[in-house]
Amino acid sequence: MNEALSVNEETFERLEHVRDGALSQLFKFVDCNREDHPVTLSFDSVDSHVSIHILPAEIIVEIVHLCIQSPRPLQDLIRLALVCRRWRMITEGTAFLWGTIDAAAPSGLVRKALRMVKDAPLDLTFNEATAKMNQEDFFKSIGEKVTLWRSLVVHLESRSGDFALSDLETTTPPNLEILHLVLEYRAWDSRDTMDLFGGNSISSRLKELSLACIPIRLASLRFGGLKFLTLVAIPAISSSDIITVLVESPLLETVQLQELDPLIVPIVLSRGLASMVHPDDEAIQLASLSHLSLKYLDVPFLNFLFSTIAVPQLRSLCIICEEQDIPIEQLLSVGMRHLTPILPRITSDTPTFTITISYFGYYQIRIGGLDLTFYLDNPVMDHFQDTLNWISNHLGRALQDIPLYLHLDSLLPDPTYLQLLTDRTTVTKLTLRCDPYYGPDGAKNIIPFLSRPMPSPSTEWLVPHAEILDTNIVNEHGNPDIVDMIEKRNSADVGLDGGGTVTPRPFREIWLAYGGKWNPDRRRPNIAFLREVQGVARGAVVYWEQGKWTGSGDNGLEDGN
C-alpha cells in the first residue's frame, strides 16, 4: 500500500513537472503566434521519461484554460487546438473553454463558440471600438442563449449603440452576475429612459453593476446580492433610486457615484424605505462597504448621503467636489456622526501622505484611504487651510508625524502656502511643476524663495526637511537658480542655528526634467548644467528625465538612457 502510494506521489510530481514545462512552452507558442511569428513546440526538454501525451485530460484542460486568459481567448483557443489531434478533441469537447466570447473575434469564430459552449455559462463582451462582428448579428446570436449569460460587458461609443440597448430592452431577463453598460458620450436625455429586459427584474445573482451614461430605470434590476456598484452620469436618476439600491444591497463592498444629475434630496424616506433602515439611528447599514467614491455630486445630496449611510468597515473614501466654495466642515457637517469614528482608522497605516495644490483652481489631499479633491472658482488657499484643519482635528494623530509629499503645480511665488505647510507639516519630498503652455510665467520664480531663510520675524527656512527635489523648472540652458538654491541649502548646517531656527537638510535625490514647450532636442541633458548641479549636490543622486546622471558616457546618463 505504502509502496503504491509512493509510486503515485512520484508520478504525480512528474506530471506536475510536465504540466509546468508544457505551460512554459505553450505560453511562448501563444505569445509568438499572436505576433505572427510561428514557433515550433518542443517538449523534449520537459522530461525525457514522461511524454506530454500521457498527461491526464484534466491537466490539459487546466493548461489550456490558463493560456486563454487573454484579450483574445477564442483565437488562442483555436491555436491550442492545433497542437495535436488529442488536444483538439479535448478542447472541442470541453464546453466551458468556449464560454468567453468577445465581438472582437471574427463572426465565424463567435458562432462556432456559441455552438461549442452547449450549456456552459457565457461571459460576453461587445466593445464598439474593437468589434469585428456586426452589432445586430452579435446580439441576435447571443440572444439565442440568453439563459446562459453570466456576464455582459457592453461599451458603446455613440448613439449608434441604439440597437444594442433596444435589444436589451426586449430580451428575456438573464441570470447575470456581472453587468457593465457604458456609453462613451453623454448623449441621452430623459425621453430615452428605458427598462431593461422588458421591465422584468433581473436575477438576484447580480453581484457587479456598472452603468455609465446609460438611461436605464434601476427599478428593472434586483440588488439583493450586489457587491460592486458604479453609476456614472445616469440621466433622470433620482436620489430615491440610489437610496433604494443601497437599502436593497446590504452586501455592497465598493460604491462609485459620479456626475449624476442634480439630485433632489428627499425630506423623508418613503415608508417602504424607512422600514428597511436601521431603527436605532435611522442609517442604512452597509456593514461590508470598504470603498466609497463620490465624484462631482451636488453638495446637498452628498451631505444627505453621509447622513443616511453607516459604513463601519470603510477603508477608503474619495470625494471630488467641483465649484464648491463651502468649507468642508459645513460640507460634511450632517454626516459627521457617521464619518468621525472611521477617519482615524482609514488614515492610520499610511507611511506618507500627499498634497497637490494647483494654479488651475484645485487641490488634493490624500492620506491613507482618504482622498479629497476640490475644484474652486476662488483662490484655493483659504479653503485648503480649512480642510487641513478639519483633517488634523479628526485624524487621531499629529500631521507633523507623517512625512508629506508636496506637489505644487504652476503656482505663483507666494510663500504663504509654503510657510503654512512648513509650520503644520513635515515635507520630505517637494515637487515643483510648471505648465509651459497654460501656467503663468511667474511660477518659475518660486525657486529663489527656497534659497534663503524667510525675512524677519520668521527667519525660517521653507520646507527644511525636504530630502527629495523633483522639478521641471528647467529650460534648454538649465536653471542657475536651482544650482544656487541647492548650494545654499546644502551649505547650511543641519539642525538648529544660533537663533533656534531649523536649517534645511541636504537633498538625497534631485530629479530634473525639461519644462519648456515640446522639443525632443531640448529634452537631451545639458551636460554643463547637470555637472554644476552634481558639483553642489553633496553626493545626492541626480536624475535627468528619469535617467540617473553619472556624468560618463555619451550623454552622461546611466545605461545610455
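The values are calculated or read from the model by the stated rules, or taken from the named source; none is laboratory data. Fair warning: this is a prediction, and the values are worked out from it, not measured in the lab. Here the Cβ positions follow ideal geometry from the backbone for every residue, glycine too, while neighbour counts run over all protein chains shown. Just the protein is used for accessible areas: all its heavy atoms, side chains included, with ligands, DNA and RNA removed. Shrake-Rupley method; radii C 1.70, N 1.55, O 1.52, S 1.80 Å.
Only a single item in (1) farther than 20 Å from residue 142 by Cβ; (2) out of contact with any helix residue (DSSP H, G or I) (no Cβ under 7 Å at 6 or more places or on another chain); (3) open to solvent by less than 50 Å² (accessible area, probe 1.4 Å); (4) modelled with pLDDT of 80 or more is not met by residue 99, and it is number (1). Criterion first (of a type in the set (D, E, K, R), farther than 15 Å from residue 142 by Cβ and either touching an Asp or Glu at 6+ places or on another chain (Cβ under 7 Å) or crowded, with 16+ Cβ neighbours inside 10 Å (or both)) does residue 88 satisfy it? No, not satisfied.
Out of all the residues in the stretch 379-413, which are under 24 Å from residue 470 (Cβ atoms) and charged (D, E, K, R)? Selection gives 401, 409. Of all residues in the stretch 408-434, which are open to solvent by 10 Å² or more (accessible area, probe 1.4 Å) and farther than 17 Å from residue 448 by Cα? Correct list: 420, 423, 424, 426, 428, 429. Of all residues in the stretch 376-398, those that are within 22 Å of residue 450 (Cβ to Cβ) and either touching a residue at least 40 places away in the same chain (Cβ under 8 Å) or assigned to a strand (DSSP E or B) (or both) total 0.
Determine, yes or no, whether residue 110 is open to solvent by 20 Å² or more (accessible area, probe 1.4 Å), closer than 26 Å to residue 153 by Cβ and either outside any loop (DSSP other than H, G, I, E, B) or touching an Asp or Glu at 6+ places or on another chain (Cβ under 6 Å) (or both). So residue 110 does not fit the description; no. Within the stretch 139-168, no residue that is on the phi > 0 side of the Ramachandran plot sits with its Cβ atom under 7 Å from a residue that is open to solvent by less than 10 Å² (accessible area, probe 1.4 Å) and modelled with pLDDT of 85 or more at 6+ positions apart or across chains.
A count restricted to the stretch 438-457 and to residues that are surrounded by fewer than 15 Cβ atoms within 10 Å (Cβ to Cβ), more than 22 Å from residue 506 (Cβ to Cβ) and more than 27 Å from the chain's Cα centre (by Cα) stands at 7. Residue 197 meets all of the listed conditions (1) closer than 26 Å to residue 298 by Cα; (2) at pLDDT 70 or above; (3) not in a loop (DSSP other than H, G, I, E, B) but one, namely (1). Among residues of the stretch 273-291 being modelled with pLDDT of 90 or more and open to solvent by less than 10 Å² (accessible area, probe 1.4 Å), the one that is nearest to the chain's Cα centre (by Cα) is 289.
Answer yes or no: is there a residue in the stretch 526-536 that is touching an Asp or Glu at 6+ places or on another chain (Cβ under 7 Å), open to solvent by 40 Å² or more (accessible area, probe 1.4 Å), among the β-branched types (Val, Ile, Thr) and at pLDDT 90 or above. No: zero hits.
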